[in-house]
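The values are calculated or read from the model by the stated rules, or taken from the named source; none is laboratory data. It should be emphasised that the depicted structure is a prediction, and the values quoted were computed from it without experimental measurement. Because the Cβ atoms are built from the backbone with ideal geometry, glycine has one as well, and the counts that use them run over all protein chains shown. Keep in mind that these areas ignore ligands, DNA and RNA; they rest on the heavy atoms of the full protein, side chains included. Shrake-Rupley method; radii C 1.70, N 1.55, O 1.52, S 1.80 Å.
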Amino acid sequence: PSTGYQGGGILNLGSFYSAIDGSGDVWTTSGVGGRLLEFSNSGTALSPTSPSPGGYDVGGLNGCLSVAIDGSGNVWVGNTNNTFSELTNSGAALSPATGFPVPSSVEAGDIAFDGSGNLWNANVGLWKMAYSGGVLSSSSKITSGGLDNPDSIAIDGSGQVWISNHFGSISEFSNAGVAISPSSGYNANSHMTLSGIVVDGSGNVWVANDAGGSASSIVELIGAGAPVVTPLSAGVKNNTLGTRP
């Protein structure tokens, strides 16, 4: 509608990153108040509106940034206090009240899941993180491949990791964390300010250039990646994230 979808705490909190689960429900984070909001695919608010300001506030949610859905349908949030929160798709906490502590030096940024259920986290650097027994363990910080203020992350159908860097380049890594892109990244362009990145069902890599005004654009790298199951919600529903169709 002309007013947008309302309820679930969104009027009080606003929204930031979003993800869609296997049922088509939309989950969106709000840094204001550190809450998580949920809407049905028809726009009906599913997250609570009370206590004020509304939204889910469990599992250590704190200044919520990124959100992603894993292959089991659980919702993961990266928090500004460098923790991760995990909730069921009904909004119940799976992480403790303080969230999952992350390994030393890891900063919660944008997140994505590969076909093996590993959580990939991009912020100042890149980490591959495994979850087991309530503990997140991490590989060493990855800084090669032209990483330069990573903004967004996507996994293609071969499990390769694609990163959009804020200052105009794209980085690519194998699922083992080995850089495929050169030390300057791909298509470095000082006139671009890159944000979101996705891979489509044909393996094309799409990235948003948030340069502002008429300079903003969408960039397509044709056939650069491996095809993925689309939409991502189908990958969540069938546990086929990070795999070929």
Under 14 Å from a label point 7 Å along Cα→Cβ of Ser50: give me every residue in the stretch 1-36 with its amide N that close. 8-9
Part-to-part distance (alpha-carbon centres) for the stretch 193-245 and the stretch 155-187, which is given in Å: 13 Å
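For the stretch 5-110, give the percent of accessible area contributed by carbon and sulfur heavy atoms, probe 1.4 Å, rounded to a whole number.
Accessible surface attributable to carbon and sulfur in the stretch 5-110 totals 52 percent.
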For the full complex of protein chains and a 1.4 angstrom probe, list Val207, Val26 by accessible area with the highest value first. Val26, Val207
Under a point spin-label approximation (7 Å from Cα along Cα-to-Cβ), what is the Ser202-Thr98 distance to one decimal in nm? 5.0 nm
Quarter of the Cα convex hull surface for the chain, i.e. its orientation-mean projected area (nm²): 12.8 nm²
Net charge over other residues, Cβ less than 12 angstrom from the Cβ of Ala112 (K, R count +1; D, E count -1): -3
Out of Ala176, Ala112, Ala45, a Gaussian network model of the chain with alpha-carbon springs under 10 Å gives the largest mean-square fluctuation to Ala176
Taking the Cα centre as origin and putting +1 on Lys and Arg beta-carbons and -1 on Asp and Glu beta-carbons, what dipole magnitude results for the chain, to the nearest 20 debye? 180 debye
Please give the per residue accessible area of the stretch 1-54, computed with a probe of 1.4 Å over protein heavy atoms only, in Å². 50 Å²
Net charge, Ile69 excluded, C-beta distance under 12 Å - Lys, Arg +1, Asp, Glu -1: -4
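What number comes out for accessible area per residue over the stretch 128-225 if the probe is 1.4 Å? Units Å², please.
On the way: 4430 Å² over 98 residues.
Dividing the accessible area of the stretch 128-225 by its residue count gives 45 Å².
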